[in-house]
1. Nearest 10 degrees, 0 to 90: what angle lies between the long axis of helix 230-251 and the longest principal axis of the chain (Cα atoms)?
2. Give me the 1.4 Å probe accessible area per residue for region 102-258, excluding ligands and nucleic acids, in Å².
3. Between 0 and 90 degrees, rounded to the nearest ten: what's the tilt of helix 327-337 against the longest Cα principal axis of the chain?
4. Sum -39500 (n - 2.57) across every DSSP H segment of at least 4 residues in the chain, then divide by the residue count to get the 222 nm mean residue ellipticity, nearest 500.
5. How far, in degrees from 0 to 90, does helix 17-28 lean away from the longest principal axis of the Cα atoms of the chain, to the nearest 10?
6. Give the carbon-plus-sulfur fraction of the accessible surface of the chain in %, rounded to a whole number; probe 1.4 Å, heavy atoms of protein chains only.
7. For Asn390, list long-range residues whose amide hydrogen, built 1.01 Å from N in the peptide plane, is under 5 Å from its own amide hydrogen.
8. Using a probe radius of 1.4 Å on heavy atoms only, what accessible surface per residue do you get for region 269-401? Whole Å² is fine.
Amino acid sequence: MTPSAKSPKVPSLLTSQSAVAQKFRERFKSDPTIIVSSPGRINLIGEHTDYNNGFVLPAAIDKTISLAVSQRDDDQLHFLAADFNDIHAGTYTDFRKSTKLWPDYINGVLQQLQERGFPLTGLNIAIGGDIPSGAGLSSSAALECSVVFAVNELLGYGLSKMDMVRIAQAAENHFVGVKCGIMDQFASMFGKKNHAILLDCRNLKYEYVPFDLHQYAILLLDTQVKHSLASGEYNIRREQCEMGVRALRKIYPQVESLRDANRAMIEYTLRDMVPDVVYNRCKYVVEENLRLQVGCEALRRNDLVGFGKKMYASHTGLSKLYEVSCPELDYLVELAREEHAIIGARMMGGGFGGCTINLIRKPYINEVVQRLGDAFANRFGQKPLSHICNLSDGTHVVSAG
Ligand code: GLA
């Protein structure tokens, strides 16, 4: 949702922190005080479960936003999006939404800090990175996390990582206006190299799960369909889930969220109480939580093939019951099912476009990408972009003055 999408065939000059620092110097005629790196995320399974107090299994990846910052002597906030040489100027005495989206992620975080009583100063900020935007890799969460992390370091607020995650999520909920759950910001902040994070969104307890890929790789195929429908439909899905919970509570007052519902409640109680569409949404969420738990057991046994089957089942639920897929995503998963080298695939993130995530046997990557790309281009006119990603550490300082 933030900086521009890039083809892997045209490597960006700005993927490195040093390039962002250089742009900062050129623009602001001084050195940045701190440079922070904040990753995008994938989600292995557990989609649209976070705001239903369920489980998710995301991981931070080796595609990042870099943010360089220093203090100013006045009340001005000057931002530079180094990837597309765009600037934005404002002040911390009057936060306003921008006609462009990217400054809102920065202003949203700063406003949240101010609302919580943390004193701000004027700031110069430059951002850049290599997370493709609109691909479902949470470039916006990475940006929010980089802002809160950098300002916390710069101004010495002493915030914990969990505080920062909540502030980043609140910025998206209240300033940007997307009622996202906590997964993306959490994954970006708490990521750990070679690990996924099993997060229980009810109590925010988490566990690092070693994700040993052996002879497999994580392949993302980006449809390049941008999710323009996404935020409106996303908020509608939330409301439908809440409607299901309200109905269930009439019979089961202990149900506070879909996390507390089970299959029997959905099939024998909810089905007759709500429209089919609400029943379908709730059925999907309850099943996805179960799938994730069985999938994690498979991972603990090192059974990646078993885990992959759950990914395919997750896609079917997202497409047929939760209805957040699109023809391009469905087609990529359909093609993946025919490839012996792909043991699991599904759409990833909020939906209506973006990427599929595929677990693929390494030696076959090139040949499979070629075959799927050709078939996809035959139907939709252009090949999907492909990215191999590795699981990486969360938001951190890369250089401090
Ligand atoms: C978006 C939101 C997340 C989560 C996913 C779907 O990425 O930001 O909070 O709800 O969609 O799993």
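The values are calculated or read from the model by the stated rules, or taken from the named source; none is laboratory data. Treat the numbers as computed from the prediction; the structure is a model and nothing was measured. All Cβ positions, glycine included, derive from the backbone under ideal geometry; neighbour counts span all protein chains shown. Each accessible area value is taken on the protein alone, full model and side chains, heavy atoms only, with ligands, DNA and RNA left out. Shrake-Rupley method; radii C 1.70, N 1.55, O 1.52, S 1.80 Å.
1. Orientation of helix 230-251: about 50 degrees from the principal axis.
2. Value for region 102-258: 35 Å² per residue.
3. So the inclination is approximately 60 degrees.
4. Estimated from H runs of four or more residues: -12500 deg cm²/dmol.
5. Tilt relative to the chain: about 40 degrees.
6. Numbers: 7740 of 16000 Å².
Here it works out to 48 percent.
7. For Asn390, whose amide H was placed from the backbone, the distant partners under 5 Å are Asp62.
8. Values: 5560 Å² over 133 residues.
Per-residue accessible area for region 269-401 comes out at 42 Å².
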